[in-house]
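Peer 1: Got a structure for you, questions after.
The values are calculated or read from the model by the stated rules, or taken from the named source; none is laboratory data. None of these values were measured; they are calculated from a predicted model. With ideal geometry, Cβ positions are generated from the backbone for all residues, glycine too; neighbour counts draw on all protein chains shown.
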């Protein structure tokens with residue numbers, strides 16, 4: 001098995017789910033070409049297109065990828081051809097199925113628009129890339145599989161290095177977004193503190209008006225209602241939770257291993273607190289800060305989707 005420690009090329013930074021690597025090799029009378037790519041995904045989805053005549057190869061590749069990766073939609077393709085004369089042709093059934101599925105989708109869409117397509121000929125399908133491969137009749141697939149797996153280690157290493165490099169850049173960008181959220185949170189706290197005397201005066205005036213017009217009203221009940229109004233206008237708890245979320249997100253960015261799901265959850269919590277702050281604003285100045293905060297949180301959430 002390969003050393004999957006390459007998955008932490010940059011200790012203390014998240015890994016990106018977007019990466020690409022390619023490689024070529026040859027041994028035992030065969031040439032081959034690898035392509036390994038991944039994009040964002042909620043879980044780990046491995047899609048392998050490798051020659052099915054090489055016994056045990058797909059299972060071994062799937063095991064290595066599963067051990068090295070945590071999340072992402074990952075596609076691995078391998079094309080193998082014989083470098084020797086007298087090779088026999090073999091159909092790559094996985095590639096053939098993919099080609100037929102694509103053709104069926106094209107035909108269905110064409111029919112939905114009233115278009116008629118000419119029937120495809122077998123030769124046209126076999127000419128598609130990867131459908132027809134060459135294999136030597138006396139190929140020792142066990143030895144070839146071992147050679148391919150040894151060569152794949154370098155491809156996987158390049159792939160993981162790219163995920164780590166992209167992750168390091170992503171961590172810097174996320175850190176900048178968190179700095180902006182922290183700055184806006186502090187600004188909201190200052191605005192709220194500055195308006196505290198004004199808010200207190202408004203409540204006092206409201207109490208005077210209520211007491212003047214509330215003949216026979218229960219004073220305790222009136223006091224409770226005013227207290228609830230004061231609580232609803234207070235953003236102290238939202239400020240505290242935003243600060244705590246910033247600290248938690250920074251701790252996750254310094255953690256080795258997949259943290260994307262946790263960061264995604266935190267970004268939802270950021271959004272909830274920003275919405276609550278805006279709803280409690282009570283002043284144009286605090287509303288303006290709250291809207292900036294929501295924009296910064298949206299930017300954070302967008303980038304978090306790239307984290308493994």
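Peer 1: Is the stretch 260-280 home to any residue that is assigned to a loop (DSSP other than H, G, I, E, B), in contact (Cβ under 8 Å) with a residue 40 or more places away in the chain, over 17 Å from residue 181 (Cβ atoms) and assigned by TED's automatic domain parsing to the domain that holds residue 175? Steps first, please.
Peer 2: Step one: of the stretch 260-280, the residues assigned to a loop (DSSP other than H, G, I, E, B) are none.
No, the stretch 260-280 has no match at all.
Peer 1: OK, next. Could you check residue 265 against (1) crowded, with 20+ Cβ neighbours inside 10 Å; (2) within 15 Å of the chain's Cα centre (by Cα) and say which number it fails?
Peer 2: So residue 265 meets the others, but not (1).
Peer 1: A further question follows. Could you tell me how many of the residues in the stretch 243-259 are surrounded by 16 or more Cβ atoms within 10 Å (Cβ to Cβ) and out of contact with any helix residue (DSSP H, G or I) (no Cβ under 7 Å at 6 or more places or on another chain)?
Peer 2: Of the residues in that region, 1 qualify.
Peer 1: Does residue 142 meet the test of being more than 30 Å from residue 15 (Cβ to Cβ) and either without any contact (Cβ under 8 Å) to a residue 40 or more places away in the chain or assigned to a strand (DSSP E or B) (or both)?
Peer 2: Details: more than 30 Å from residue 15 (Cβ to Cβ): yes; either without any contact (Cβ under 8 Å) to a residue 40 or more places away in the chain or assigned to a strand (DSSP E or B) (or both): no.
The answer is no for residue 142.
Peer 1: Can you tell me which residue in the stretch 161-170 is surrounded by the fewest Cβ atoms within 10 Å (Cβ to Cβ), limited to those that are more than 16 Å from residue 298 (Cα to Cα) and under 17 Å from the mean Cα position of the chain (by Cα)? Show your work before the answer.
Peer 2: Restricting attention to the stretch 161-170, the residues satisfying the condition of being more than 16 Å from residue 298 (Cα to Cα) are 161-169.
Right, trim to under 17 Å from the mean Cα position of the chain (by Cα) and you get 162-169.
Working: 162: 20, 163: 28, 164: 21, 165: 16, 166: 20, 167: 26, 168: 16, 169: 13.
Selected residue: 169.
Peer 1: Going by the structure shown, is residue 164 at pLDDT below 95, farther than 30 Å from residue 81 by Cα and in a helix (DSSP H, G or I)? Before the answer, list the steps.
Peer 2: Numbers: at pLDDT below 95: yes; farther than 30 Å from residue 81 by Cα: yes; in a helix (DSSP H, G or I): yes.
It is true that residue 164 is at pLDDT below 95, farther than 30 Å from residue 81 by Cα and in a helix (DSSP H, G or I).
Peer 1: In addition: Which one is farthest from residue 303 (Cα to Cα), of the residues in the stretch 38-50 that are in contact with a helix residue (DSSP H, G or I) (Cβ under 8 Å, 6 or more places away or on another chain) and in a strand (DSSP E or B)? If you could, list the steps in order and put the result at the bottom.
Peer 2: First, pick out the residues of the stretch 38-50 that are in contact with a helix residue (DSSP H, G or I) (Cβ under 8 Å, 6 or more places away or on another chain): 38, 44, 46, 48-50.
Checking which are in a strand (DSSP E or B) leaves us with 38, 44, 46, 48-49.
Numbers: 38: 16, 44: 19, 46: 23, 48: 27, 49: 30 Å.
Taking the candidates together, the pick is 49.
Peer 1: Oh, and also: If a residue must be assigned to a helix (DSSP H, G or I), more than 20 Å from residue 40 (Cβ to Cβ) and in contact (Cβ under 8 Å) with a residue 24 or more places away in the chain, how many such residues does the stretch 244-259 contain? Outline the logic, then answer.
Peer 2: As a first pass, look at the stretch 244-259 and keep what is assigned to a helix (DSSP H, G or I): 244-253.
Among the residues that remain, those that are also more than 20 Å from residue 40 (Cβ to Cβ) are: 244-248, 250-251.
This time we only want the ones that are in contact (Cβ under 8 Å) with a residue 24 or more places away in the chain, so: 245-246, 250.
Counting residues in the stretch 244-259 that are assigned to a helix (DSSP H, G or I), more than 20 Å from residue 40 (Cβ to Cβ) and in contact (Cβ under 8 Å) with a residue 24 or more places away in the chain gives 3.
Peer 1: Going by the conditions given, is residue 60 exposed (fewer than 15 other Cβ atoms within 10 Å of the Cβ) and at pLDDT 85 or above?
Peer 2: Details: exposed (fewer than 15 other Cβ atoms within 10 Å of the Cβ): no; at pLDDT 85 or above: yes.
Spelling it out, it is not the case that residue 60 is exposed (fewer than 15 other Cβ atoms within 10 Å of the Cβ) and at pLDDT 85 or above.
Peer 1: Going by what's in this entry, would residue 25 be described as at pLDDT 90 or above, more than 15 Å from residue 305 (Cβ to Cβ) and either out of contact with any strand residue (DSSP E or B) (no Cβ under 7 Å at 6 or more places or on another chain) or surrounded by 15 or more Cβ atoms within 10 Å (Cβ to Cβ) (or both)? Reasoning before the result, please.
Peer 2: On the way: at pLDDT 90 or above: yes; more than 15 Å from residue 305 (Cβ to Cβ): yes; either out of contact with any strand residue (DSSP E or B) (no Cβ under 7 Å at 6 or more places or on another chain) or surrounded by 15 or more Cβ atoms within 10 Å (Cβ to Cβ) (or both): yes.
Yes: the conditions hold for residue 25.
Peer 1: Determine, yes or no, whether residue 39 is buried (at least 17 other Cβ atoms within 10 Å of the Cβ) and within 23 Å of the chain's Cα centre (by Cα). Please lay out each step first, then the result.
Peer 2: Values: buried (at least 17 other Cβ atoms within 10 Å of the Cβ): no; within 23 Å of the chain's Cα centre (by Cα): yes.
Criteria not met by residue 39.
Peer 1: Name the single residue, out of those in the stretch 66-83 being assigned to a loop (DSSP other than H, G, I, E, B) and crowded, with 19+ Cβ neighbours inside 10 Å, that is nearest to the chain's Cα centre (by Cα). Full working, then the answer.
Peer 2: The first filter runs over the stretch 66-83 and keeps only residues assigned to a loop (DSSP other than H, G, I, E, B), leaving 69-71, 83.
Within this subset, residues satisfying the condition of being crowded, with 19+ Cβ neighbours inside 10 Å are 69, 71.
Working: 69: 13, 71: 8 Å.
By that ranking, first place goes to 71.
Peer 1: Residues of the stretch 176-201 being modelled with pLDDT under 95 and surrounded by fewer than 15 Cβ atoms within 10 Å (Cβ to Cβ), which ones?
Peer 2: 190, 193, 194, 196, 197, 198, 200, 201 - these are the residues of the stretch 176-201 that are modelled with pLDDT under 95 and surrounded by fewer than 15 Cβ atoms within 10 Å (Cβ to Cβ).
Peer 1: Quick check on this structure: which one of 155, 131, 74, 106 is at pLDDT 80 or above and over 30 Å from residue 253 (Cα atoms)?
Peer 2: Details: 155 fails: over 30 Å from residue 253 (Cα atoms); 131 fails: at pLDDT 80 or above; 74 fails: over 30 Å from residue 253 (Cα atoms).
From the options 155, 131, 74, 106, the qualifying one is 106.
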